[in-house]
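Have a look at the structure that comes next, please.
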C-alpha cells in the first residue's frame with residue numbers, strides 16, 4: 001500500500017484503535033526517531049494495537065487501547081415542527097481525534113493499516129485545508145505547554161526512569177510555562193459578573209485536592225500532601241468538562257503563573273495543570289521562583 005493510499009484510508013476510517021496513556025488519560029505520544037515528529041498511534045486492527053501496546057509497556061510506559069468508531073448523536077430539533085421527530089447524525093471519533101491532535105502540539109500520526117507496514121504521516125498531509133487554516137489561526141503558546149507537559153507527565157510517572165531524562169522533560173516543560181498564560185475558569189460574584197475586568201481575588205476559583213504524585217524541582221516524583229490546589233488548563237475542551245455544571249456562569253481568563261499569588265488564597269499551596277488529564281501538580285512557591293529565574297536568564 002502506497003503512502004497516498006494509507007492517507008486516503010486514514011481519512012475514511014470508520015473504526016480504529018488508538019493508544020492512550022494510563023498516566024495522562026489522553027493519547028500516548030512520543031517523538032519519532034527519524035523525523036522527530038511528535039505523534040500519536042492509530043491502528044486499523046486491534047491485534048496490531050495490542051502488539052504495539054505490549055512493546056511500549058515492556059519499555060516502561062503504561063498504555064491502554066481505546067476503540068474509535070462511528071457513533072450516533074442526537075440533533076437539535078427544529079422547533080418550528082409541530083411534531084419533533086428524533087433526528088440523529090453520525091460522528092466519526094477517528095476524524096474527531098485527528099482534528100484535535102494539533103491542539104496537543106502533535107504534528108504527525110503513526111498509522112498502521114491491517115496487514116500493512118505502519119508509518120508516521122504528517123498531519124499536514126491528512127487534515128483538510130479548512131482544519132489546517134483553523135489550527136493556524138488558533139495556534140498559541142498553550143500547545144507547547146500541553147505537548148511538553150504530556151511528555152513530562154508520561155515520563156516522570158514511569159517506575160523505571162533516567163533522572164537526566166526526567167530533568168530534561170522538566171526543563172522543557174518549564175521553558176514553555178515561562179512563555180505562556182494558562183486558562184483559568186472563574187465564577188465572578190453576582191454584582192461583578194458583567195465587569196469587563198475581573199478582580200480574581202473576589203471570584204470563585206477552581207480548587208482541587210490532588211490525589212496523584214507530583215514532581216519536585218529535579219523532575220523526580222514527590223508525595224503531594226492532601227492540600228488544596230488551584231486548577232489551571234491548557235485547552236478549552238477540558239475547561240468545558242470542568243465547567244459543565246456552571247457553563248453559563250463561568251468566565252475564562254488567561255493568567256501568567258508568576259502572578260498567581262496575586263489572587264490565590266494563602267492556604268492554597270499547590271497548582272494542578274489540566275487536573276482531569278495530565279494532572280501535573282506543582283508547588284506554587286516553587287513555580288514562581290523557577291519562572292522568575294528563567295525570565296531573569298532570558299533577559300541577560
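Coordinate-derived values only; no laboratory data. Being a predicted model, the structure only gives us computed values, none of them experimental. Cβ sites come from the backbone with ideal geometry, for glycine too, and all protein chains shown count toward neighbours.
Please compute the length gained on full extension between residue 292 and residue 58, using 0.36 nm multiplied by the number of residues separating them and subtracting their Cα-Cα distance.
Using 0.36 nm per residue and subtracting the Cα-Cα distance, I get 80.3 nm.
Same structure again: Place a label point 7 angstrom from the Cα of residue 129 along the Cα-to-Cβ direction, then list the residues of the range 1-36 whose backbone nitrogen is under 19 Å away.
Taking a point 7 Å out along Cα→Cβ of residue 129, the residues of the range 1-36 whose backbone N falls under 19 Å are 8, 11.
What is the spin-label model distance, in nm, from residue 254 to residue 72 if the labels are put 7 Å beyond Cα along the C-beta direction?
4.2 nm
In whole angstrom, how far apart do the alpha carbon centroids of the range 233-292 and the range 117-190 sit?
Their Cα centres are 16 Å away from one another.
Further, regarding this structure: Residue separation times 0.36 nm, minus the C-alpha to C-alpha distance between residue 90 and residue 199: what's the value?
Full extension of this stretch gives 34.9 nm more.
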